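Structure first, then comments.
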């Protein structure tokens, strides 16, 4: 049975996930027994950070970059991890080994501030070290995601200024993105395209956004979006392969007139965009630049996980 989620995160259920073991603070639990406290900061307030990880050929892809982002986020939130990056790496690989997982695996790594003495926002009433949960699942993007083309809808919800809620933080508090996703869903689209406070294109609710115009690859300045790992790798691939790439302000007029568009993310890599706000992008099919970048990214992934 296929899940009803759409866009780049659509996947096929895998019966093997019913028997996976989940790591909570270094202990392994069967899926149906994995629990966190109702007093946990993540549950009470969304006070935490997370990473999505892909396993390819038994190796977690781009793990150094993900660890850097996670620990930078923890420092920004003044959260004392009490677990070193190396210890956390060992936990990740141990849970993979315990589940005998080597390929086609997606990991959700979640860190909350810890358990509170009472439900209240002040971090000083947290009475335990951070809660660290590692959930590995057999989960892959559907094959057609690579070529079919998703539909986007521009929503009223903006990516805001960093003095309101810094978009650089990969936090559990995702209500702005969830609200954007709901609006796009109600409009019949797969995902939301979000603007920055000035009306320029910023990013999507769960992926990063690119367009192709006259042989050039454009993406936002990055000022109002998460520092995406796949986004950064695609920019690097363009630079290494003499593909003009620009991080710049651009408007919806630029988007509607683009030759191609695509989104990036850890789960599905690169996925083409066929339609935005009812406008067909290019000819509505995966274009040559997207296909070339997909091939380059797969080669990069193979080299990373060789």
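The values are calculated or read from the model by the stated rules, or taken from the named source; none is laboratory data. This structure is a prediction, so every number in the text was calculated from the model and none was measured. Cβ coordinates were reconstructed from backbone atoms using ideal geometry, including for glycine residues, and neighbour counts include every protein chain displayed.
Please work out if residue 162 is surrounded by fewer than 20 Cβ atoms within 10 Å (Cβ to Cβ), under 22 Å from residue 95 (Cβ atoms) and out of contact with any strand residue (DSSP E or B) (no Cβ under 8 Å at 6 or more places or on another chain). Considered against the rule, which asks whether it is surrounded by fewer than 20 Cβ atoms within 10 Å (Cβ to Cβ), under 22 Å from residue 95 (Cβ atoms) and out of contact with any strand residue (DSSP E or B) (no Cβ under 8 Å at 6 or more places or on another chain), residue 162 comes out as no.
Name the residue, out of 70, 45, that is more than 27 Å from residue 272 (Cα to Cα) and over 17 Å from the mean Cα position of the chain (by Cα). Spell out how you get there, then give the answer.
Details: 70 fails: over 17 Å from the mean Cα position of the chain (by Cα).
Every option except 45 fails the conditions.
So is residue 87 farther than 21 Å from residue 10 by Cα and either exposed (fewer than 15 other Cβ atoms within 10 Å of the Cβ) or without any contact (Cβ under 8 Å) to a residue 12 or more places away in the chain (or both) or not?
Working: farther than 21 Å from residue 10 by Cα: yes; either exposed (fewer than 15 other Cβ atoms within 10 Å of the Cβ) or without any contact (Cβ under 8 Å) to a residue 12 or more places away in the chain (or both): yes.
For residue 87, the condition - farther than 21 Å from residue 10 by Cα and either exposed (fewer than 15 other Cβ atoms within 10 Å of the Cβ) or without any contact (Cβ under 8 Å) to a residue 12 or more places away in the chain (or both) - is met.
So which strands (runs of 3 or more DSSP E) stay within the stretch 150-228 end to end and still have 3 or more residues that are without any contact (Cβ under 8 Å) to a residue 60 or more places away in the chain, outside the structural domain of residue 41 (by TED's automatic domain parsing) and on the phi < 0 side of the Ramachandran plot? First the steps, then the outcome.
Working: elements: 150-154, 191-195, 201-204, 208-213, 216-219.
Qualifying strands (runs of 3 or more DSSP E): 191-195, 201-204, 208-213, 216-219.
Just so you know, in the stretch 27-45 the residues that are free of Cβ contacts under 8 Å to residues at least 40 places away in the same chain and not in a loop (DSSP other than H, G, I, E, B) include one that is nearest to residue 132 (Cα to Cα), and it is 27. Restricting attention to the stretch 91-136, the residues that are over 30 Å from residue 19 (Cα atoms) and loosely packed, with under 15 Cβ neighbours inside 10 Å total 9.
Does residue 232 satisfy the criteria of being in contact with a strand residue (DSSP E or B) (Cβ under 6 Å, 6 or more places away or on another chain) and within 22 Å of residue 141 (Cα to Cα)? Spell out how you get there, then give the answer.
Working: in contact with a strand residue (DSSP E or B) (Cβ under 6 Å, 6 or more places away or on another chain): no; within 22 Å of residue 141 (Cα to Cα): yes.
No: the conditions fail for residue 232.
Candidates 173, 220: the one that is at pLDDT below 95 and either surrounded by 15 or more Cβ atoms within 10 Å (Cβ to Cβ) or out of contact with any strand residue (DSSP E or B) (no Cβ under 7 Å at 6 or more places or on another chain) (or both) is 173.
Selection over the stretch 75-110 of residues that are touching a strand residue (DSSP E or B) at 6+ places or on another chain (Cβ under 6 Å) and closer than 16 Å to residue 171 by Cβ gives a count of 3. Please indicate, with yes or no, whether at least one residue in the stretch 75-84 is assigned to a helix (DSSP H, G or I), under 28 Å from residue 231 (Cβ atoms) and free of Cβ contacts under 8 Å to residues at least 40 places away in the same chain. Checked against the condition, which is being assigned to a helix (DSSP H, G or I), under 28 Å from residue 231 (Cβ atoms) and free of Cβ contacts under 8 Å to residues at least 40 places away in the same chain, the stretch 75-84 yields at least one hit. Checking each residue in the stretch 120-146 for being touching a strand residue (DSSP E or B) at 6+ places or on another chain (Cβ under 7 Å), more than 21 Å from residue 47 (Cβ to Cβ) and outside any strand (DSSP E or B) picks out 139, 140, 142, 145, 146.
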